[in-house]
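Take a look at the structure below.
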Amino acid sequence: MNAFDFDLADFVPADETSEDAMEAFRAGDLTVLSQHHTAPNGSHSFVLAHDRSVTWGVPGEPQLVAVAVARDLSRSTFTFETSRHATASFAQNWLAERGCPLDRIALRGGDYAEPADDLTVQVEQQIQRSGTRYEVLDTYTSDHDPSEAWTLVRDSRVAQAPVRLFHEEWDHDASTYTVREGAFADVGAAQTWLDERSGPLPEPPEYSDHNGAVVRARIALARSDGASATPRTGLDAPRTTPAGPVQRPVRGRLL
C-alpha cells in the first residue's frame, strides 16, 4: 500500500501552521515507505515517504519526507507536520520524537536494502534514539557516483569534536548500505573533508581504544536487537499496518 489516507474528511486544521502544511502537501509526488496509525481510535498517523520530484529538482536536496498527524477527536481538529531528511534514521528520529514507535516505521527486510555491517546498525540506532541531541546543520543526497547521503550536525552531548558527519553510502550490486559517523572540531574541517575526501572519515574520540569495549558492546547489542529494539512509546496500542511498498530503487535504500 503506497497511498495516503489520513482520514481527515471530518476534521479541520487546529491552527494556521497545520492548514498551510496541509495545503502545501503534494501526496502525488510521494511514495510511502513505511506508515503507522494508532488504534483503537486512530488519533495519530505517522508516515515515512520518498519524494520522487526531488530527483528532478535542485541537486543534493533531501529526498525523504516524514509526516506526523495528530487528531483531537473531541474537537474534530488536527495538527499536520512535515519534515525533510537526507537519511531514514533522522526521519525516524523526528517521528519518534512525536510519539511513533520506531519498530513500526523500520525499513528492514523484504525489498529493502540491508545494513552492510553491525556498526551501521549501531550508528542508525544511535541516531534514531538521539532525541534532540543533534542540531542539523546541513544535508546532501546524491543518486549518482558515489551514491550517498550525509547529514552534518552539532552534537550537544560531546565537548571534543562536536561537529559530527553521518555518512551513508549504498552498494547497489550487493543491495547493502553503510552508515559511518565522523567527528570534526568545526564545520570548516568537516566541509574540507567532504570537498577533498583525502583520507578516511575521522572517527569520534569515543571510538578510541580506551572506549573500545563500550563501542563493541553497543555493536553487539545492535546485532542482537536489530531494528525493533526500541520499546514502544505512549499514545495507544498500534494496529497492524501494511509493510512498505516494493520499489526499484528509491535512493538506493530498496533493491
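One table, with the values for the structure above:
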read-out	value
Residues being more than 26 Å from residue 151 (Cβ to Cβ) and assigned to a loop (DSSP other than H, G, I, E, B) - total across segment 18-65	5
Residues (under 19 Å from residue 49 (Cβ atoms) and at pLDDT 95 or above) located in segment 106-127	124, 127
Any hit, segment 63-83, residues being modelled with pLDDT of 95 or more and within 26 Å of residue 204 (Cα to Cα)	no
Residue 9 being among the aliphatic types (A, V, I, L, M) and without any contact (Cβ under 8 Å) to a residue 12 or more places away in the chain	yes
Segment 60-79: number of residues that are surrounded by fewer than 19 Cβ atoms within 10 Å (Cβ to Cβ) and without any contact (Cβ under 8 Å) to a residue 40 or more places away in the chain	2
Residues (assigned to a strand (DSSP E or B) and in contact (Cβ under 8 Å) with a residue 24 or more places away in the chain) located in segment 82-92	82, 84, 85
Unmet requirement for residue 203, which otherwise passes all of (1) of a type in the set (Asp, Glu); (2) surrounded by 14 or more Cβ atoms within 10 Å (Cβ to Cβ); (3) part of a strand (DSSP E or B); (4) without any contact (Cβ under 8 Å) to a residue 40 or more places away in the chain	(3)
Which numbered condition residue 100 fails, given (1) farther than 25 Å from residue 42 by Cα; (2) crowded, with 21+ Cβ neighbours inside 10 Å	(1)
Hits in segment 85-140 (condition: among the β-branched types (Val, Ile, Thr) and touching a Pro at 6+ places or on another chain (Cβ under 6 Å))	121, 139
Residue list for segment 24-33, restricted to those being modelled with pLDDT under 90 and either more than 14 Å from residue 83 (Cβ to Cβ) or exposed (fewer than 13 other Cβ atoms within 10 Å of the Cβ) (or both)	24, 26, 27, 28, 29
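Conditions (1) more than 30 Å from residue 39 (Cβ to Cβ); (2) not in a loop (DSSP other than H, G, I, E, B), marked per residue:
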site: 80; (1), (2): no, yes
site: 119; (1), (2): yes, yes
site: 149; (1), (2): yes, yes
site: 160; (1), (2): yes, no
site: 164; (1), (2): yes, yes
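The values are calculated or read from the model by the stated rules, or taken from the named source; none is laboratory data. Since the structure is predicted, the reported quantities are computational estimates derived from the model, not experimental observations. Neighbour counts are summed over all protein chains in view; Cβ atoms, including those assigned to glycine, are modelled from backbone coordinates with ideal geometry.
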